Amino acid sequence: MKHKNWWTDCVGYVIYPQAYMDSNNDGFGDIQGIISKLDYLRDLGINLIWLCPIFASPMEDNGYDVKDFYSIAPEFGTMDDLKALIAGCHERGIRLILDLPLNETSDEHPWFQMAIRDPESKERGYYFFRKGIRDGDNLNPPNNWMGYNGISTWTRVGDTDDFYFHLFAVKQPDLDWSNPEVRQEMAHVACFYLDMGVDGFRLDAMAHLSKDKSFSPSTLPTDSRGLVLDAPKFSNRPEVYDYLCDFRSKLSRPDACLIGEAGGGITPEQAAHVADRENGPISMVFNFDTAWNNNGYGGIEKRPEEIRTDVILLKHNFERWYNICSEHADMPLYWCDHDHPRVLSQYGSTVFRNESAKCLLTTLLFLYGTPFIYYGDEIGMSNVTYEKPEDFFSDSAQRSEIANLRAAGYDDERITHYLNRASRVNSRTPMQWDRGPNAGFSTKGSVNKVNMNYLQGVNVFDQMRDPWSILNFYQYAIWKRRDPAINRIVNEGKLEFLDHNNPDVIAYIHRGEEKLIVISNFREYDVSFDFYWQISDVILHNYDTVLLENHVFHLRPFESFLLKVRGNM
Ligand code: GLC
Ligand code: CA
């Protein structure tokens, strides 16, 4: 039997604080706003919150650029508010994990300020400074690496010959984790919050903690600016494991849940190693392999017909991770987070909003792992229909991309059309609470404009009153997932995908003494699915009649089942 950790009984929920609930009507979501919704969250059934960063920050990257790890951004509230949030969560049986951006700081952090002021300071060694390369009168960056915001990873320090390294925005210098003092400092931050009662952390950008410190130029083909994103130079390098072991060994609570965010192409083998239940330094790894399985990443030139959920690929990715990881490591499950467009617009359908939202939930919720629901998915929130590129300007990564697209000659209409589909700002709009101004989020306004579909039933108030709403389905399904008998089958049964090559349907079974089957049609049209089991219970279903005849399910758009079955196939 797999060793049980507390998070294996959890259903998680992700809150982007800026957009969740504004308690004082300044247009900015805050901690008191979240506190006012804790009863809602308890009733929804979730028992673990991942809260995106709340530390003091100039908000260049909406809080992922921290200037003081020991204070709360005034926009979000105070340290006392955080203490009240921890207490409020725990009173309701909800655990709280904070998002900890530990790969970089803000350039306004005192460490970086000192590093710039005094090249001899110890803080200089907290970051990466390298000399530029002289070419006649020009001073070129130390190498040709491009970062995740589509710009050079190097920014020059004033008019000196020195550059500093940043994988993300210019205002986010990367920390050098090979420096033991950096690890000590970050462990100190973590202990400060663990001792306050926080239950763990999401380790932001964990994959990038180690860089190829030779900083040798990439030999991959470069773009017109001479830049290239060469992920292996700064992603999932072997030292990350050692740094995390050191970090973990310094933490004051062994039961802290640490979930590493690993982009940059982490393999399930690497994840199983770093999150190994026996001796891995962290608890779980968020990977990106089941995001964008619709060819939807980037690609302003892509035509609508090129973007379509690749059901076979999705099954393959879920299965690969399960097969390689689950024996050794716990796994989180999620469709999307604050770095992706809304899942309903990606894999679901706004035409079949109700059906597809329920289908997506059922499909994810009963896989092996700790599921995380992204705020607003429980009411079927979807992508925006903004009117101009400036509507996306709250995000620094987006600002860089828009500048690049404009420079490449795309007009604003084209760019806006593209961003309405692909921007991560889509998932950062205000939570839609009711039919009031700004969907009840704030009377003042919001950083990103509200999605007007809150007036068409995509809000909590209306859905609470409708027994067939997405919200009521979520609530019912989450409580089912937490039912100890069902949780045991999901966690201990052997998970197998059925009909791998079916291009439209995701189906899987948990085999054990009792068997659970999920069947989900991922298309906007009807499909059929062969079925030879004996159904003993229909636990979840998003249509009101079952069309099963001669061992064939007739599945309507996004029809989805969770079944308890008998039989020995
Ligand atoms: C992570 C965050 C993302 C942020 C980046 C830089 O990938 O999820 O939102 O922009 O780190 O801190
Ligand atoms: Ca506020």
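Every read-out reported here was derived from the displayed coordinates using simple, explicitly stated rules and does not represent laboratory data. On a predicted model such as this, the values are computed, not experimentally measured, just so you know. Glycine also receives a Cβ, built like all others from the backbone with ideal geometry; neighbour counts cover every protein chain displayed.
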> Just how far, in whole angstrom, is the range 436-492 from the range 332-393 if you go by their alpha carbon centroids?
Replying inline: 11 Å
> Any idea what diffusion coefficient the range 493-566 gets from Stokes-Einstein, in µm²/s, Kirkwood Rh on alpha carbon pairs, 20 °C, 1.002 mPa s?
Replying inline: 173 µm²/s
>> Give me K449, K37, K494 sorted ascending by neighbouring Cβ count inside 10 Å, so fewest comes first.
In response: K494, K449, K37
> Mind checking the angle between helix 412-422 and the chain's longest principal axis? C-alpha axes, 0 to 90 degrees, to the nearest 10.
Replying inline: 60 degrees
> Mean separation of Cα pairs under 8 Å and 6+ residues apart, divided by the residue count of the range 1-92: what relative contact order is that in percent?
Replying inline: 27 percent
> Between K444 and D526, what is the label-to-label distance in nm when each label sits 7 Å out along the Cα-to-Cβ direction?
Replying inline: 5.3 nm
>> Bins of 10 Å, beginning at zero and ending with the bin holding the largest distance: percent of Cα pairs per bin for the chain, please.
In response: 3, 17, 28, 28, 17, 6, 1, 0
> For H417 and R130 in one chain, what is 0.36 nm times their gap in residues minus the Cα-Cα distance, to one decimal in nm?
Replying inline: 99.3 nm
> Quick one: of the DSSP bridges fully inside the chain, what percent are antiparallel, nearest 5?
Replying inline: 60 percent
>> Can you tell me the orientation of helix 79-91 relative to the chain, as the angle in degrees between its alpha-carbon axis and the longest Cα principal axis, to the nearest 10?
In response: 20 degrees
> In whole Å, how far is the Cα centre of the range 250-320 from that of the range 157-219?
Replying inline: 21 Å
> In this model, which of K37/K315; K37/K358; K211/K444; K83/K444; K122/K449; K4/K515 are farther than 32 Å apart at the alpha-carbon?
Replying inline: K37/K315; K211/K444; K122/K449
> Which FRET efficiency value, to the nearest 0.05, do you get for Y297 and E108 by plugging their Cβ-Cβ distance into 1/(1 + (r/R0)^6) with R0 = 25 Å?
Replying inline: 0.20
> Mind checking the angle between helix 353-365 and the chain's longest principal axis? C-alpha axes, 0 to 90 degrees, to the nearest 10.
Replying inline: 80 degrees
> Can you sort K564, K83 so the residue with the fewest Cβ neighbours within 10 Å comes first?
Replying inline: K83, K564
>> Helix-only estimate, please: 222 nm mean residue ellipticity of the chain, summing -39500 (n - 2.57) across DSSP H runs of length 4 or more and dividing by its residues, to the nearest 500.
In response: -7500 deg cm²/dmol
>> Under the rule of at least 5 residues apart or a separate chain, name every residue whose amide H is placed under 5 Å from the amide H of V552.
In response: F531
>> At a 10 Å Cβ-Cβ cut-off, how would you order V182, V384, fewest neighbours first?
In response: V182, V384
>> Which residue, S106, Y126, I35, has the largest displacement toward the positive end of the dipole of the chain when charges sit on each Cβ (Lys, Arg +1; Asp, Glu -1)?
In response: I35
